[in-house]
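The values are calculated or read from the model by the stated rules, or taken from the named source; none is laboratory data. As the structure is a prediction and not an experimental result, all values here were calculated from the model. Positions of Cβ are generated from backbone atoms using ideal geometry, with glycine treated the same way; all protein chains shown enter the neighbour counts.
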Amino acid sequence: MIDHIEVLVSDVERSSEFYQRALAPLGYTLRSTTGPAKGFGASADRLDFWLRGAEPAHPPPHFAFFCAAREDVVAAHGAAVAAGGTDSGAPAVLERIHAHYFAGFVRDLDGHNVEFVCQTPVAEEGRSKAA
C-alpha cells in the first residue's frame, strides 16, 4: 500500500496554489509549508501528497486521487481545469478497465498526468464517506 507521493515541480508556490484549488473538492488542504516541500492531506495527521521544487521528471508521472463518488471526480476535474490545468480526458466510465471505473484526467502546470477516479459501483457511492 502506498503511504504518500512526492512530486517534483518547477515552481512550488505556483503548483501549491494549483493543487490547493484542484484538491479542495476532495477535502485536501495545504497542511505543511515548512521546509523545502509542501504537504497536502485530508487531515492534519495524514499528509499523503507532497510537492518539492526541482526539475520535474520526464516523462512526467501519472498519479490518481481516490474519489468516493463520481460527483467528486467531476468536481475535482473541473476545479483542476479552472485552476489552470489542461483537460486531458473528461470524466467518463472507462469500461476497458472495468464497468465501474469512472475517471477524469488533467495535466497540471508541469505536465503531470493527474487522475481523479471513483471505482465504486453507483449503488454503493458515498458509503465510504460515511464509514
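Here's a check for you: in segment 74-109, which residue that is in a loop (DSSP other than H, G, I, E, B) and crowded, with 20+ Cβ neighbours inside 10 Å is farthest from the chain's Cα centre (by Cα)?
Within segment 74-109, the match that is farthest from the chain's Cα centre (by Cα) is GLY85.
Would you confirm whether any residue within segment 55-67 is more than 13 Å from the chain's Cα centre (by Cα), within 19 Å of LEU23 (Cβ to Cβ) and modelled with pLDDT of 95 or more?
Looking through segment 55-67, none of the residues is more than 13 Å from the chain's Cα centre (by Cα), within 19 Å of LEU23 (Cβ to Cβ) and modelled with pLDDT of 95 or more.
Quick one: which residue in VAL81, VAL122, VAL117, VAL93 is in contact (Cβ under 8 Å) with a residue 24 or more places away in the chain, farther than 18 Å from ASP3 by Cα and in contact with a strand residue (DSSP E or B) (Cβ under 6 Å, 6 or more places away or on another chain)?
It is VAL81.
Would you tally the residues in segment 36-58 being touching a residue at least 40 places away in the same chain (Cβ under 8 Å), loosely packed, with under 12 Cβ neighbours inside 10 Å and over 15 Å from ASP11 (Cβ atoms)?
The total comes to 0.
If you go through segment 7-34, how many residues are under 14 Å from ALA54 (Cα atoms) and over 15 Å from the mean Cα position of the chain (by Cα)?
5
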